[in-house]
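Below is one structure, written out as C-alpha cells, with a few remarks after it.
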C-alpha cells in the first residue's frame, strides 16, 4: 500500500492517524511505557537511532519486537558480549561449494536491529555498529554493502552494572538521536502485566505500516516547514550547553565540562517536526522542541565533578535552559 496524497497537509493528517493506530496496536502487548513508545516512534519517523537505558526485565526486547511486527519490518536481536567480533554483526566472506568467495550477511542486514547491552562489547565491535548506523552500509574486503531501508538501531544499556563494560565515548553516543530512560511500571501496570503474562492469553497484532510507507513519512518530516523563531530557539538551546561561550548560562559554566555539538541542533529540529506531525500540527512550535529536548541533549552534555558532587543531573541542567 503506497502513499498518494494531494498535499503535505493531507500527508501529515495521515501520519498522525497512523501514529494513533500504532500506539493502539502496541498497547495490546506493551502495558504503560507510553512516553518510551512515543519517543521510539518519533526517532523512527525522524530516521534516527535510539539508546534505551534501563535495568533488565522492563520489556525492552518485547517492545522492539512488537514495534517491528506492527510495522511489518524485519527484526534482528544481537546480544552484545565481550567476545563478539565485528564480522559477527556485519557478516563475512565465505567459500561456497564452487570455491568462490561470497558475502554472508550478518544480523545488521535488517530493518530494526536491537543491540542488546551495547556497552558489554569491546570498542572494535561497537565502532562497526556505529559506522553502519551513520553510513547505512558496511564495507567488507573493500566492497561496500548497503543496508536495508528503513534501517533503525535500538541499543540498550544497563545503568547498574559497570564492571566489565566498555562505556560508549561521547563521539559515539552522539550518533544516537535519543537517549530514552525506562523506569519501573506503576503498581497498577505491573498487576496488569502479571495478569496477562501468566495465562494462556495469546495476542495477535495487525500490521499498520510497511517499509515503503515509513520511508515516505521520513521524507515528509523533512518537508514540514518550521518558523524562524522556533528554529532559532532549537539552535540556541544547543549552543547554550557549551561552557565558556557567549550564550552559555551560569549553570552550564558551573556544572558542564562539555556541551552538545551541531548534530543536537539538527535532531532538535527533526524531533520537533515529528512531534508536531504525530499530534496533527502542520508546523512545530517551541513546545514541540521542549517536549523532546531532554532526550536529544542528555547524552550530549558531560557533567563536571562539581555537578556530580552536588547531585546536579543532566536533566536539571536541560530544564534550566528551558
message: Springs between alpha-carbon pairs under 10 angstrom, Gaussian network model over the chain: which of 122, 150, 225 fluctuates most?
response: 225
field: Cα-derived Rg to Rh of the stretch 226-321, Kirkwood definition
entry: 1.01
field: Protection proxy ranking, peptides 10-19, 135-144, 274-283, average beta carbon neighbours within 10 Å, highest first
entry: 274-283, 10-19, 135-144
- prompt: When a footprinting reagent is the concern and you count Cβ atoms within 10 Å, what order do 177, 237, 322 take, fewest first?
  reply: 322, 237, 177
message: How big is the chain along each principal axis, measuring the range of its Cα positions in Å and listing the largest first?
response: 67, 48, 45
query: What percent does the relative contact order of the chain come to when contacts are Cα pairs within less than 8 Å and at least six residues apart?
result: 22
- line: GNM on the chain, Cα springs under 10 Å; top mean-square fluctuation among 204, 43, 110 goes to 204
query: Do you know the relative contact order of the stretch 226-321, to the nearest whole percent, from alpha carbon pairs under 8 angstrom that are 6+ apart?
result: 31
field: Part-to-part distance (alpha-carbon centres) for the stretch 149-207 and the stretch 68-93, which is given in Å
entry: 16
- request: Given the options 195, 124, 28, state which has the largest fluctuation in a GNM of the chain using a 10 Å cut-off (strictly under) for Cα springs.
  value: 195
- prompt: Quick one: of the DSSP bridges fully inside the chain, what percent are antiparallel, nearest 5?
  reply: 40
- prompt: Just the Cα atoms of the stretch 94-232, one point each, no solvent: what log10 I(q)/I(0) does Debye give at q = 0.10 Å⁻¹?
  reply: -0.59
- line: Output for the stretch 1-109 (equivalent-ellipsoid semi-axes, sqrt of 5λ from the C-alpha gyration tensor, Å, descending) is 33, 22, 12
- prompt: Tell me, Kirkwood radius of the stretch 245-289 from alpha-carbon pair distances, in Å?
  reply: 12.2
query: With the contact rule set at Cα under 8 Å and sequence spacing of 6 or more, what percent relative contact order holds for the stretch 34-129?
result: 29
message: At 222 nm, what value in deg cm²/dmol follows for the chain if DSSP H runs of at least 4 each add -39500 (n - 2.57) and the sum is divided by all its residues, to the nearest 500?
response: -14000 deg cm²/dmol
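Bear in mind that the values in this text are calculations on the coordinates, not laboratory data. Since we're looking at a predicted model, the values are computed, not measured. All Cβ positions, glycine included, derive from the backbone under ideal geometry; neighbour counts span all protein chains shown.
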